[in-house]
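Visitor: Structure in structure tokens, see below.
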Amino acid sequence: LLREIVISDFKLRYESSFLGYLWSLLRPLAIFAVLYFVFVRFLKVGEGVPHFAIYLLLGIVLWNFFVEITVGSVSSISAKSDLIRKINFPKYVIVLATSFSALINLALNFVVIFIFMIIFGASPTLYAIIMIPLLIIELYLLGLGFAFMLAASNVKFKDIGYIWDVGIQAGFYATPILYPITMLPPVAQKISILNPMAQII
């Protein structure tokens, strides 16, 4: 059942679009291009930070992964209400299916990041190679925890989706993605690193 929901959701997401599955790659790249030219080229943010463009792209991809798991889960149970009425199955499967779709997109986006690393001449250290899978697991569990809470809350309180949209937007700017954490004052750095997303990214 989990496999079928994941496959159907992934197919339906790009069913009516001309570029189809390519949007899962083009969307983060388009966001990266805009933010790169505005913040890196014009505002000179991240100047002096080695491979800041790769850091920016990786940060956007990881943030989008978190957003996709959480935002996608908010209305996931409500959207599948017809299926829930017809079949008796654990409701958490629906939220898991949303998170698995996000994992597929993340895997595709990491291929793009790898290509960019080759283009920019960035090579990961052994420490990074070991840590990246562990950090992705941490990020997945963090996103899944929020996803379960949001999906359950939204069944009763329909305002949750709107509140989370605002919160996720604020969280993006509060997390050092567009800027290196060293740009913040020492006190702000300590507060910022309490954010689990800041730690991971």
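Visitor: Per residue of the stretch 61-74, in order, report the coupling 6.51 cos²θ - 1.76 cosθ + 1.60 (Karplus, θ = phi - 60°) as ³J(HN,Hα) in whole Hz, putting x for Gly and Pro.
Guide: 5, 5, 5, 4, 4, 4, 5, 4, 5, 6, 5, x, 7, 3
Visitor: Quick check on packing: order 124-137, 94-107 by the mean number of other C-beta atoms within 10 Å, highest mean leading.
Guide: In decreasing order of mean packing, 124-137, 94-107 become 94-107, 124-137.
Visitor: What is the angle, in °, between the Cα long axis of helix 2-13 and the longest principal axis of the Cα atoms in the chain? Nearest 10 is fine, range 0 to 90.
Guide: Result, in degrees: 70.
Visitor: How far, in degrees from 0 to 90, does helix 160-174 lean away from the longest principal axis of the Cα atoms of the chain, to the nearest 10?
Guide: The angle comes out at about 10 degrees.
Visitor: Still on this structure: Can you send over the carbon and sulfur percentage of the accessible area for the chain, probe radius 1.4 Å, protein chains only?
Guide: Reported share for carbon and sulfur atoms: 72 percent.
Visitor: Let me ask you something else. Compute the accessible area per residue over the chain, keeping the other protein chains in place, probe 1.4 Å, unit Å².
Guide: That works out to 59 Å² per residue.
Visitor: Starting from one equal scatterer on each C-alpha and no solvent at all, send me the Debye-based log10 I(q)/I(0) for the chain at q = 0.10, 0.18 Å⁻¹, two decimals.
Guide: -0.47, -1.38
Visitor: Cross-link list LYS44/LYS190; LYS156/LYS190; LYS86/LYS158; LYS11/LYS44; LYS44/LYS158; LYS86/LYS156: which exceed 31 angstrom alpha carbon to alpha carbon?
Guide: LYS156/LYS190; LYS11/LYS44; LYS44/LYS158
Visitor: How much of the calculated P(r) for the stretch 113-201 lies past 17 Å, in percent of all Cα pairs?
Guide: 65
Visitor: On a 0 to 90 degree scale, rounded to 10, what angle separates helix 126-156 from the longest Cα axis of the chain?
Guide: Rounded to the nearest ten degrees, it is 40.
Visitor: Taking the stretch 46-106, which trypsin sites (Lys or Arg not before Pro) meet the DSSP loop condition and have no more than 11 other C-beta atoms within 10 Å? Before the final figure, lay out each step's value.
Guide: Values: sites: LYS80, ARG85, LYS86, LYS91; in loops: LYS80, LYS91.
Passing both the DSSP loop test and the Cβ count: no residue.
Visitor: Which whole-number percent gives the relative contact order of the chain, counting Cα pairs below 8 Å spaced six or more residues apart?
Guide: Working: 159 pairs, mean separation 60.8, N = 201.
Worked out over the chain, it gives 30 percent.
Visitor: With n ≥ 4 as the cut-off for DSSP H runs, can you work out [θ] at 222 nm for the chain, using -39500 (n - 2.57) per run divided by the number of residues, rounded to the nearest 500?
Guide: -23500 deg cm²/dmol
Visitor: A follow-up question, please. When every alpha-carbon pair in the stretch 138-190 is counted, what percent end up more than 18 Å apart?
Guide: Cα-Cα pairs of the stretch 138-190 separated by over 18 Å account for 50 percent.
Visitor: Between the stretch 125-197 and the stretch 32-48, how far is it from one alpha carbon centroid to the other, in angstrom?
Guide: The distance from the Cα centre of the stretch 125-197 to that of the stretch 32-48 comes to 22 Å.
The values are calculated or read from the model by the stated rules, or taken from the named source; none is laboratory data. Just so it is clear, the model here is predicted, and its values are computed rather than measured. Reconstructed Cβ throughout: ideal geometry from the backbone, glycine too, with neighbour counts over all protein chains shown. Side chains are part of the model used for accessible areas, which takes the heavy atoms of the whole protein and leaves out ligands, DNA and RNA. Shrake-Rupley method; radii C 1.70, N 1.55, O 1.52, S 1.80 Å.
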